[in-house]
Amino acid sequence: MPIYKPVSKKSPEKMIDIVSAWKGLELIIEDIIVRFNLSRNSCIEFGVEFGFSAVVFSNYFDKVTGVDTFEGDEHTKNKDEHFEETKARLSVYENIKLFILDYQNWIPTDNDHYNFAHVDIVHNYKETYECGLWAAQHSDCVVFHDTESFPEVRRAVIDIARATGFKMYNYPYHFGLGILVNPNIRKF
């Protein structure tokens, strides 16, 4: 997987102060958007957890849709339901809308196209591949967290790139960020 080398790193204007494995990745999101000439209308995120990355995306996209069970999974430390806590924390970000749902129940009902998608769900191959393939089919760019810390996530990203023809990159820091970009981006 080719290494993604950002031209610039910039911290978003709005951030939340919360512990997150995503810290450090916020510095390259604008670089990805600019490099691949992505529109900034909409973003969908599968795996919101406590909202760190959703707030990052809210700096760059008019609308951020966050989908999560808000119950953790086999790879997270916190297994307690935390939707109300996350909803309250993110309530000041008016362009973020949260949904309590798993990806399996979301994707059959959503035919929208997004400029950007983020997949950070249970770090197994099957789930990452299913959710990520749908995200690639419904967006211009998909990023996947944990490509360095979970080999199954990395393998799913490689297989999705093969299946879709998307260009593939990996940013190897902060547990890894797989980046898939549609070579035929639709600007609208």
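The table below gives the values:
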quantity: Where F57 falls short, out of the listed (1) within 19 Å of G132 (Cα to Cα); (2) among the aromatic types (F, W, Y); (3) open to solvent by 10 Å² or more (accessible area, probe 1.4 Å); calculated: (3)
quantity: Among residues of the stretch 74-125, those that are at pLDDT below 95, under 22 Å from G176 (Cα atoms) and of a type in the set (S, T, N, Q), counted; calculated: 3
quantity: Filter result for I160 (open to solvent by less than 40 Å² (accessible area, probe 1.4 Å), in contact with a strand residue (DSSP E or B) (Cβ under 9 Å, 6 or more places away or on another chain) and modelled with pLDDT under 95); calculated: no
quantity: Among residues of the stretch 137-160, those that are over 17 Å from I33 (Cβ atoms) and small (G, A, S), counted; calculated: 2
quantity: Residue that is nearest to I96 (Cα to Cα) [pool: residues in the stretch 29-71 that are part of a loop (DSSP other than H, G, I, E, B) and among the charged types (D, E, K, R)]; calculated: D62
quantity: Qualifying positions in the stretch 6-31 - among the hydrophobic types (A, V, I, L, M, F, W, C), under 24 Å from D68 (Cα atoms) and more than 12 Å from the chain's Cα centre (by Cα); calculated: M15, I16, I18, V19, A21, L27, I28
quantity: Flag if N111 is of a type in the set (S, T, N, Q) and either open to solvent by less than 30 Å² (accessible area, probe 1.4 Å) or within 13 Å of the chain's Cα centre (by Cα) (or both); calculated: no
quantity: Matching residues, the stretch 1-15, being over 12 Å from N59 (Cα atoms) and not aromatic (F, W, Y); calculated: M1, P2, I3, K5, P6, V7, S8, K9
quantity: Selection status of I185, open to solvent by 10 Å² or more (accessible area, probe 1.4 Å), under 19 Å from F36 (Cβ atoms) and at pLDDT below 95; calculated: yes
quantity: Among (1) more than 30 Å from K9 (Cα to Cα); (2) in a helix (DSSP H, G or I); (3) in contact (Cβ under 8 Å) with a residue 24 or more places away in the chain, the one test that N111 misses; calculated: (2)
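The values are calculated or read from the model by the stated rules, or taken from the named source; none is laboratory data. Quick caveat, the model's predicted, so the values are computed rather than measured. Here Cβ is always computed from backbone atoms with ideal geometry, including for glycine, and neighbour counts include all displayed protein chains. The protein model used for the area step is the full one, side chains on, heavy atoms only, and it has no ligands, DNA or RNA in it. Shrake-Rupley method; radii C 1.70, N 1.55, O 1.52, S 1.80 Å.
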